[in-house]
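The values are calculated or read from the model by the stated rules, or taken from the named source; none is laboratory data. Remember, predicted model here, so these are calculated numbers, not experimental data. Methodologically, a virtual Cβ is constructed for each residue, glycine included, from the backbone with ideal geometry; neighbour enumeration extends over all protein chains shown. Note: accessible area is taken over every heavy atom of the protein model, side chains too, but ligands, DNA and RNA are not part of it. Shrake-Rupley method; radii C 1.70, N 1.55, O 1.52, S 1.80 Å.
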Amino acid sequence: MGKLNVSLMRYLTSEDFRVLTATEMGMKNHELVPGPMVASIANLQHGGVHKLLRELCKHKLLSYERGKRYDGYRLTNLGYDYLALHSLTKRDVIASFGNQIGVGKESNIYTIADTNGKQLCLKLHRLGRVCFRKVTEKRDYHNHRKSASWLYLSRISATKEFAYMKALYERRFPVPKPIDFNRHCVVMELVNGTLLNHISEVKDVEALYDELMNLIVRFADSGVIHGDFNEFNIILDESENPIIIDFPQMMSTEHANAEMYYERDINCIKQFFKKRFNYESENYPKFRDIERIDILDAEVACTGFTKQMAKDINLELGLEDSSDKSLSSDDEHFHESSNKNDFNNEFGPLEITKDGTQDLSKTNLSERNISFDDSEFEDLLELRSVRSTTTTIHPDEIKQRVKKQIATKNKKNQRKRCVAKGEANATTRIRRENKDTVRQTCGIWE
């Protein structure tokens, strides 16, 4: 198995990591981040940043791509790894890096050590591989988004797994102890054991079968379903006690397809024991026999769990009383009042006229870079009375003047925007190529 080469980290400076972080921040709303934007976010001079970008591209921490109309830089998987490892190193979580000990369809597993020399396990999430690209069909990471980068999806996957693992460990489930996480990296306790898939015989097959089935029931009674409970995600320690790993695909028992996933976990264990140990039992737990005793799915917001489900479960378990309802109603009233005051927080308080009405004409709206359409402006005028005895200007005239000032302000800001230069200016490059083509073709027609 391969190894992640981290030897370059000792030679990277703080400015290099600032450029990597700036590229990461720019990728929140850019597929390719222009060089001037990287320099602006990193708060460094453009000339120095250009040299750093070239060096980082040479070491494959960044990737420079040229399009027809847009050029820029993109953070690679290796650069994302370096950012996460750098953050964990600054927290004194990682002191040394070891070899790769496992690989899956969506992650790589490495051994590391902390400052005390204790061995730990590092899991790097790698969503986007050819063998696992149907994330939108199998996970709810996208939610309402139409698209997202694989780096961002890997980060969500790591965050979910750490939350699941922490909640399960606190409830004394046989899972590795979670240590820390950053971006798409999860640091956990290193389990000394063997995958169940690599074991050909055990001392007591029936006891192991019963223990695994009881674990599935414990998960379901707590409100979650593992979703991938098979021999590849079960480790047996020296005493042949099972330890469960891999949790990003966990879901709630309230999920629409919860029964199907529950039965699939049961069938995976039954089929494996039948093939490997020639053991078959007719006794196995049913989905209808689940008795909820915990709200773990509500705590970690599992897949398929909604706020309405949380309210119903709290009422069923007696965890919500009338005082909570009154408190929630007070909170709603507070949020409503705060929403009404958002305008004051954004533009400043309106001046009060002699008759007690509020005068919008004296509000300094022109200094704010905000544009309103007609519908939003009409709602705004309805919310705040603009009739005043101190002015004779009609409200429609005030609206037109304010909109004109805002439009002028936006045009000035657009002119002040930094013009892309160098590698980022694909338009200039195309114009120069067209000019050269015109010069070369002129001699033919003369």
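Do you know which of the residues in segment 244-274 that are among the hydrophobic types (A, V, I, L, M, F, W, C) and open to solvent by 70 Å² or more (accessible area, probe 1.4 Å) is farthest from residue 189 (Cα to Cα)?
Our first condition is that a residue be among the hydrophobic types (A, V, I, L, M, F, W, C); within segment 244-274, this holds for 244-245, 247, 250-251, 256, 258, 260, 266, 268-269, 272-273.
When the remaining residues are screened for being open to solvent by 70 Å² or more (accessible area, probe 1.4 Å), the result is 256, 260.
Working: 256: 33, 260: 32 Å.
Among residues in segment 244-274 that are among the hydrophobic types (A, V, I, L, M, F, W, C) and open to solvent by 70 Å² or more (accessible area, probe 1.4 Å), the one farthest from residue 189 (Cα to Cα) is 256.
Looking at segment 216-241 only, could you name the residues that are among the acidic types (Asp, Glu) and closer than 27 Å to residue 109 by Cα? Working first, answer last.
From segment 216-241, those among the acidic types (Asp, Glu) are 221, 228, 231, 237-238, 240; that's our starting set.
Within segment 216-241, 228, 231, 237, 238, 240 qualify.
Give all pairs with beta carbons closer than 7 Å in which a residue from segment 156-173 that is of a type outside the set (D, E, K, R) meets a residue that is in a helix (DSSP H, G or I) and open to solvent by less than 40 Å² (accessible area, probe 1.4 Å); count only pairs at least 6 apart in sequence or on separate chains.
163/300; 164/300; 167/296; 167/300
Could you tell me whether segment 275-293 includes any residue that is under 27 Å from residue 186 (Cα atoms) and either β-branched (Val, Ile, Thr) or not in a helix (DSSP H, G or I) (or both)? Break it down into steps so the answer makes sense when it comes.
As a first pass, look at segment 275-293 and keep what is under 27 Å from residue 186 (Cα atoms): none.
The answer is no, given that none of the residues of segment 275-293 is under 27 Å from residue 186 (Cα atoms) and either β-branched (Val, Ile, Thr) or not in a helix (DSSP H, G or I) (or both).
So if I check each of 225, 293, which one is on the phi < 0 side of the Ramachandran plot, surrounded by 14 or more Cβ atoms within 10 Å (Cβ to Cβ) and either modelled with pLDDT under 90 or not acidic (Asp, Glu) (or both)?
Details: 293 fails: surrounded by 14 or more Cβ atoms within 10 Å (Cβ to Cβ).
Just a single option satisfies the conditions, and that option is 225.
Given the conditions (1) in contact (Cβ under 8 Å) with a residue 60 or more places away in the chain; (2) farther than 22 Å from residue 109 by Cβ, which single one is not true for residue 244?
With (1) in contact (Cβ under 8 Å) with a residue 60 or more places away in the chain; (2) farther than 22 Å from residue 109 by Cβ applied to residue 244, the lone miss is (2).
Which ones in segment 163-203 are assigned to a loop (DSSP other than H, G, I, E, B), of a type in the set (A, V, I, L, M) and either touching a helix residue (DSSP H, G or I) at 6+ places or on another chain (Cβ under 7 Å) or within 28 Å of residue 150 (Cα to Cα) (or both)? Even if it seems obvious, please write down each step before you answer.
Pass one, segment 163-203, residues assigned to a loop (DSSP other than H, G, I, E, B): 171-177, 183-184, 190-193, 199-203.
Among the residues that remain, those that are also of a type in the set (A, V, I, L, M) are: 175, 190-191, 199, 202.
Hits for segment 163-203 are 175, 190, 202.
Would you check if residue 31 is modelled with pLDDT of 90 or more and of a type outside the set (Gly, Ala, Ser)?
Working: modelled with pLDDT of 90 or more: no; of a type outside the set (Gly, Ala, Ser): yes.
For residue 31, the condition - modelled with pLDDT of 90 or more and of a type outside the set (Gly, Ala, Ser) - is not met.
If I filter segment 108-124 down to residues being among the polar types (S, T, N, Q) and under 15 Å from residue 6 (Cβ atoms), which single residue comes out as least open to solvent (accessible area, probe 1.4 Å)?
The first filter runs over segment 108-124 and keeps only residues among the polar types (S, T, N, Q), leaving 108, 111, 115-116, 119.
Next, from what is left, pick out any that are under 15 Å from residue 6 (Cβ atoms): 108, 111.
Details: 108: 15, 111: 30 Å².
If we take residues in segment 108-124 being among the polar types (S, T, N, Q) and under 15 Å from residue 6 (Cβ atoms), then 108 is least open to solvent (accessible area, probe 1.4 Å).
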